[in-house]
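A.B. asks: Below are the structure tokens for one structure; questions will follow.
The values are calculated or read from the model by the stated rules, or taken from the named source; none is laboratory data. These numbers were taken from a predicted model, which means no experiment stands behind them. Glycine gets a Cβ as well: all are built from the backbone with ideal geometry, and neighbour counts include every protein chain shown.
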Amino acid sequence: MSDSVRIAMVGAGAVADYHHVPGIRVDPRAELVAVCDPNQELLQQRQRDWGPVRAVTDYQEIAEADDIDAVIIATPNFTHKPITLACAAAGKHVMCEKPLGVSFEESAEMYRAARDAGIRHMTAFTYRFAPSMKYLRQLLVDGQLGTPRHFRSQRFLDLPETSWSWRQYKKLAGAGDLYDMTIHRIDFAQGLLGSIASVCGAVAQFASRTETVDGGSCDPSEVDDWSALIGRFENGAVGVWEGSTLMKGRHNDGYGFEWAEINGSEASAVYQLTDPNNILMGRHGESLQKVPVPAEFLVATGSPRDPSAGVPSDVFRHDLVWEFVSAIVEQRDAVPSFRDGARAQAVADAVLESDEQGRWVDVACELD
């Protein structure tokens, strides 16, 4: 490997432009050397946006290139598995957007392939890197909340009811809100409180999405616009999750509404996406009060990113690349890994099974 970690961006859409490429730019140890996307027009635009990096349309060229150390995959869900398997087989380190696959079985296969190839692997679960989320974890570790008893998460967005393109078809996406948004909350809940053992879940579709953004027509949606679950953690705590992309009046400059809380035997604490540099916290007999997140949690350890620069709800997302590159440089596992991605997808798949069968479902997550 060269003095810098040479990264290829596979998928040149909004997520790459918004999250990943700015993260690469912040990290002096990383270098963006290539971009891959089947859309030639978009490739040309990204070469103007990102600089004169090599642009290709076939991910196999990325996998086979000797001058690329790592890839970040931000492509449609159904493409994650073949791209990951090709890159892992070629010895490339891989960070992949969530969900890893269109089923738990796919994500488990991706995890095993990465593990067996000896590469560093990471799932792009963005919200683990929010300062307030990291502080909540430390409060739990320090015992300041006491014994965790209850977790609750709400994530509401006010998105258009027009077509989601590939995202609204099960074969290509796997699921809708459940895989796109609620799976993030499943992941950080397990990151905070440990594994979820069983769930009782439900999904619903509110919009048929038969009209495209430009007024054309398309086949109706096959996936959910709303998902919810009740869960039991292995440690005895319980949790409640709800998410939807179609909650009117929840726009909030595009950030939507997000609230996640932990209620423990000694205190309760709350994370909010719209105020990620503060938490709400309260003890018995008190009301929740705003508490600033300590400085050491505002940015990834060692990162040169200025936590006072930019919109707080945006900039913590750049720390994903710092963690990915740190894992490569330090030769350690990345957090969250493909294993975490597969564990979250096992829970999400149990929600779909619960909805279909109308009963509680034990989470099956055999990975080894």
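A.B. asks: Which of the helices (runs of 4 or more DSSP H) contained wholly in the range 71-180 include at least 1 residues that are on the phi > 0 side of the Ramachandran plot and in contact with a Phe, Trp or Tyr (Cβ under 9 Å, 6 or more places away or on another chain)?
C.D. replies: Correct list: empty, since no element meets the threshold.
A.B. asks: Only one residue in Gly231, Gly239 is surrounded by 21 or more Cβ atoms within 10 Å (Cβ to Cβ), out of contact with any Lys or Arg (no Cβ under 9 Å at 6 or more places or on another chain) and under 20 Å from Val363 (Cβ atoms), so which one is that?
C.D. replies: Every option except Gly231 fails the conditions.
A.B. asks: In addition: I'm told Ile73 meets every condition in (1) surrounded by fewer than 19 Cβ atoms within 10 Å (Cβ to Cβ); (2) closer than 16 Å to Glu97 by Cα except one. Can you identify the failing condition by its number?
C.D. replies: Evaluating Ile73 over (1) surrounded by fewer than 19 Cβ atoms within 10 Å (Cβ to Cβ); (2) closer than 16 Å to Glu97 by Cα leaves (1) as the failure.
A.B. asks: For the range 92-115, state whether one or more residues are under 18 Å from Gly13 (Cβ atoms) and either among the polar types (S, T, N, Q) or in contact with a Leu (Cβ under 6 Å, 6 or more places away or on another chain) (or both).
C.D. replies: No, the range 92-115 contains no residue that is under 18 Å from Gly13 (Cβ atoms) and either among the polar types (S, T, N, Q) or in contact with a Leu (Cβ under 6 Å, 6 or more places away or on another chain) (or both).
Condition check ((1) among the charged types (D, E, K, R); (2) modelled with pLDDT of 95 or more; (3) within 19 Å of Asp306 (Cα to Cα)) across all residues:
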site	(1), (2), (3)
Val21	no, yes, yes
Ile24	no, yes, yes
Leu43	no, yes, no
Arg46	yes, yes, no
Tyr59	no, yes, no
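A.B. asks: Among the residues of the range 331-368, how many are free of Cβ contacts under 8 Å to residues at least 60 places away in the same chain, of a type in the set (S, T, N, Q) and either under 16 Å from Gly176 (Cβ atoms) or in contact with a Phe, Trp or Tyr (Cβ under 7 Å, 6 or more places away or on another chain) (or both)?
C.D. replies: 0
A.B. asks: Moving to a separate point now. Do we find that Arg29 is crowded, with 17+ Cβ neighbours inside 10 Å, within 25 Å of Asp314 (Cα to Cα), of a type in the set (Lys, Arg) and out of contact with any Phe, Trp or Tyr (no Cβ under 8 Å at 6 or more places or on another chain) in this structure?
C.D. replies: When the stated conditions are applied, Arg29 does not pass them.
A.B. asks: So, in the range 249-297, how many residues would count as being of a type outside the set (Lys, Arg) and not in a loop (DSSP other than H, G, I, E, B)?
C.D. replies: 28
A.B. asks: Quick check on my filter: what residues within the range 80-120 are more than 18 Å from Glu330 (Cα to Cα) and in contact with a strand residue (DSSP E or B) (Cβ under 8 Å, 6 or more places away or on another chain)?
C.D. replies: Across the range 80-120, the qualifying residues are His80, Ile83, Thr84, Cys87, Ala88, Cys96, Glu97, Lys98, Leu100, Met110, Tyr111.
A.B. asks: Related question: Output the number of the condition that Asp187 fails; it satisfies all remaining conditions of (1) in contact with a strand residue (DSSP E or B) (Cβ under 7 Å, 6 or more places away or on another chain); (2) in a helix (DSSP H, G or I).
C.D. replies: (1)
A.B. asks: Output the residues belonging to the range 306-348 that are buried (at least 22 other Cβ atoms within 10 Å of the Cβ), part of a loop (DSSP other than H, G, I, E, B) and not aliphatic (A, V, I, L, M).
C.D. replies: Selection gives Pro336 alone.
A.B. asks: Checking Gly146 against (1) crowded, with 20+ Cβ neighbours inside 10 Å; (2) in contact with a strand residue (DSSP E or B) (Cβ under 9 Å, 6 or more places away or on another chain), which test does it fail?
C.D. replies: Of everything listed in (1) crowded, with 20+ Cβ neighbours inside 10 Å; (2) in contact with a strand residue (DSSP E or B) (Cβ under 9 Å, 6 or more places away or on another chain), Gly146 misses just condition (1).
A.B. asks: Between a first residue in the range 274-301 that is charged (D, E, K, R) and a second residue that is assigned to a loop (DSSP other than H, G, I, E, B), which pairs have beta carbons less than 7 Å apart while being 6 or more apart in sequence or on different chains?
C.D. replies: Close Cβ pairs satisfying both conditions: Arg283/Glu266.
A.B. asks: Please identify the pairs in which a residue from the range 210-232 that is assigned by TED's automatic domain parsing to the domain that holds Trp166 and aromatic (Phe, Trp, Tyr) has its Cβ atom under 9 Å from the Cβ atom of a residue that is surrounded by fewer than 15 Cβ atoms within 10 Å (Cβ to Cβ) and part of a strand (DSSP E or B), counting only partners at least 6 apart or on another chain.
C.D. replies: As it stands, the answer is Trp226/Ala204, since those pairs meet every condition given.
A.B. asks: If you take the residues of the range 190-214 that are of a type outside the set (Lys, Arg), at pLDDT 95 or above and part of a loop (DSSP other than H, G, I, E, B), which of them is nearest to Ser268 (Cα to Cα)?
C.D. replies: Gly194
A.B. asks: Can you name the residue in the range 244-294 that is of a type in the set (Gly, Ala, Ser) and within 21 Å of Val141 (Cβ to Cβ) and, of all such residues, is surrounded by the fewest Cβ atoms within 10 Å (Cβ to Cβ)?
C.D. replies: Only one residue fits best here, namely Ser265.
A.B. asks: Which residues, taken from the range 314-336, are in contact with a Ser or Thr (Cβ under 7 Å, 6 or more places away or on another chain) and closer than 11 Å to Thr126 by Cβ?
C.D. replies: Listed by number, the residues that qualify are Arg317, Asp319, Leu320, Pro336.
A.B. asks: So in the range 9-32, with the set limited to residues that are over 19 Å from the mean Cα position of the chain (by Cα) and not β-branched (Val, Ile, Thr), which one is nearest to Ala74 (Cα to Cα)?
C.D. replies: Selected residue: Leu32.
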